[in-house]
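Let me begin by presenting the structure, written as structure tokens, before commenting on it.
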Amino acid sequence: MNKLVLLSLVFICFSCLYETIEIKKPDDPTKSIKCDSTKVDSTRIDFPYREIKYLEGHVVGFDPCTIRHSYKPIGYAIISHDLEDTVMTYNFPDSIFNIPSNYFSNYMSSGYFPNKARYEFKIRMTYRSPYENEVVILLCTADFNQSDFARAKQVITVLATEF
């Protein structure tokens, strides 16, 4: 049922190509999802054929390069509940969670949040693979651990909500 609702919201978001849509969560009206569809490149021939995937999991960490070099936006690592999928997204909506800044302080040794926070940020999201011009490539120094999420596939968040 929840997957159907989320996929319906994706359809609504992509059906309005020139406006921003704000969707309120019924159980918590203070939490909402914004989908700025003006940022969707609808002129691409392959636009309707990008496969949209669904994931339930936890935001467990970040790209330490974005912290070390003050790149914006921050890359967030999300691992599925079944531990089968790990994704990195650089367009994750900051409004969903209020992640304390001290969770990023261990960036020199690890891209994971502290142990106590690894399962704190539950997420439901839909995502797609990035177009060539959307792939984030960061130049980083080698003075910190970059290996935690080196094999995570980079994705574009379509819709995300806390649960």
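If the condition is being among the β-branched types (V, I, T) and either at pLDDT 95 or above or not in a loop (DSSP other than H, G, I, E, B) (or both), then the stretch 58-109 contributes V59, V60, T66, I67, I78, I79, T86, V87, T89. Residue pairs whose Cβ atoms lie under 7 Å apart, separated by 6 or more positions or on different chains, with the first residue in the stretch 133-157 and touching a residue at least 24 places away in the same chain (Cβ under 8 Å) and closer than 19 Å to R68 by Cβ and the second among the charged types (D, E, K, R) and part of a loop (DSSP other than H, G, I, E, B), are F149/D63. Of everything in the stretch 95-123 that's of a type in the set (F, W, Y) and closer than 19 Å to P64 by Cβ, which residue is farthest from the chain's Cα centre (by Cα)? Result: Y107.
For every residue, the table says whether it meets (1) among the polar types (S, T, N, Q); (2) surrounded by 19 or more Cβ atoms within 10 Å (Cβ to Cβ); (3) in contact with a Cys (Cβ under 7 Å, 6 or more places away or on another chain).
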{"position": "G61", "(1), (2), (3)": "no, yes, no"}
{"position": "S80", "(1), (2), (3)": "yes, no, no"}
{"position": "I99", "(1), (2), (3)": "no, no, no"}
{"position": "S129", "(1), (2), (3)": "yes, no, no"}
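The values are calculated or read from the model by the stated rules, or taken from the named source; none is laboratory data. All values derive from a computational prediction rather than experimental measurement. FYI the Cβ positions are ideal-geometry reconstructions off the backbone, even for glycines, and counts take in every protein chain you see.
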